[in-house]
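Reviewing the structure listed below.
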Amino acid sequence: MELFMIFIIGLCFGSFLNVCIYRLPKEQSIVKPGSFCPKCNTPIKWYDNIPLLGYIALRGQCRSCKDKISFRYPFVELLTGLLFLILFMKFNLTADFYKYAFFFSLLIAVSVIDIDYHAIPVYFCFIGIVIGLMFSVWETAKFLRFGVTDYAILPIVESFKGVVFGFGFAYLFKFFGDILVSFYLQFRKQESIEGETESLGLGDVDFLGMVGVFLGLKGAVLVFFIAPFIAVIYAVFAITFKKSHLIPYLPYLSLATLVTFFWGNDILKLIF
Ligand SMILES: [Zn+2]
């Protein structure tokens, strides 16, 4: 019963994420007005707006204009519900549950926004960094109350190392990567590679800073090195099926973050 409740809460939260994903990049309020069909602007009845079930009952069509409802909406809801469920089974209702539920929700939001706009509002990662640091401070206070004297193992120290690496290393990579890209473009006498002129966007740099806060130094390093592998797997798939291989990078970074969160220690053991 508890598990079911958490899943439902996750679904509802996913529904809220959908609203944020749709409205925040357009600088619209996420509170008013209520949900409406993006095609015909008809307000959506509350019973059609129930996460997952609404979509199934409507068979993926708007009730008034019959336009197809994007599969993304139930997908985001389901994904959020499942992640909340997994986190609950791992942590119960501890601070870690709230911390990572918040973090994973941000991952979903920035990934989908990046797919749509090839950029994300800067404040997303900034909010993530601030909230992540607050959790770290709070955990550190708990450590200190238990009389920990080895300052190297304090959560805030790990978060700090993570954010410095995430920002610093990613920014250095971007700096030298951009130089290589511009040399390459000059050499080929091209303006850009399918519209891209950068090796790494600033959003990706901020993202790695945020990962550092939540997963620490090791986590940020792992994410940095795992993400390209996932991107390459997708690129092979895209080339095989002749889809565009102009790829936003944040979904891969987010996937790499999930892989690191769940299996990071196993991967490290495998390598060292
Ligand atoms: Zn409609």
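None of 6, 50 is free of Cβ contacts under 8 Å to residues at least 60 places away in the same chain and more than 16 Å from the ligand (Cβ to nearest atom) except 50.
In the set 180, 217, 258, 246, only one residue is at pLDDT below 90, surrounded by fewer than 20 Cβ atoms within 10 Å (Cβ to Cβ) and part of a helix (DSSP H, G or I); that residue is 180. Apart from one condition, residue 64 fits all of (1) open to solvent by 60 Å² or more (accessible area, probe 1.4 Å); (2) in contact (Cβ under 8 Å) with a residue 24 or more places away in the chain; (3) in a helix (DSSP H, G or I); the exception is (3). From the set of residues in the range 24-37 that are in contact (Cβ under 8 Å) with a residue 24 or more places away in the chain and out of contact with any helix residue (DSSP H, G or I) (no Cβ under 6 Å at 6 or more places or on another chain), which is farthest from the ligand (Cβ to nearest atom)? Top of the filtered list is 24. Going through the range 53-78 one residue at a time, which ones are within 14 Å of the ligand (Cβ to nearest atom) and under 19 Å from residue 105 (Cα atoms)? The answer is 73, and nothing else. Residues considered: 12, 40. Of these, the only one that is within 16 Å of the ligand (Cβ to nearest atom), surrounded by 12 or more Cβ atoms within 10 Å (Cβ to Cβ) and of a type in the set (A, V, I, L, M, F, W, C) is 40.
Considering 175, 169, 165, the condition of being of a type outside the set (A, V, I, L, M), out of contact with any helix residue (DSSP H, G or I) (no Cβ under 6 Å at 6 or more places or on another chain) and surrounded by 14 or more Cβ atoms within 10 Å (Cβ to Cβ) is satisfied by 169 alone. When residue 90 is tested against the conditions (1) within 24 Å of the chain's Cα centre (by Cα); (2) within 16 Å of the ligand (Cβ to nearest atom); (3) free of Cβ contacts under 8 Å to residues at least 24 places away in the same chain, the lone failure is (2).
Please verify whether residue 92 is within 24 Å of residue 131 (Cβ to Cβ) and open to solvent by 80 Å² or more (accessible area, probe 1.4 Å), treating the condition exactly as stated. Considered against the rule, which asks whether it is within 24 Å of residue 131 (Cβ to Cβ) and open to solvent by 80 Å² or more (accessible area, probe 1.4 Å), residue 92 comes out as yes.
The values are calculated or read from the model by the stated rules, or taken from the named source; none is laboratory data. On a predicted model such as this, the values are computed, not experimentally measured, just so you know. Because the Cβ atoms are built from the backbone with ideal geometry, glycine has one as well, and the counts that use them run over all protein chains shown. To get the accessible areas, we keep the full protein, side chains included, count just its heavy atoms, and leave off ligands, DNA and RNA. Shrake-Rupley method; radii C 1.70, N 1.55, O 1.52, S 1.80 Å.
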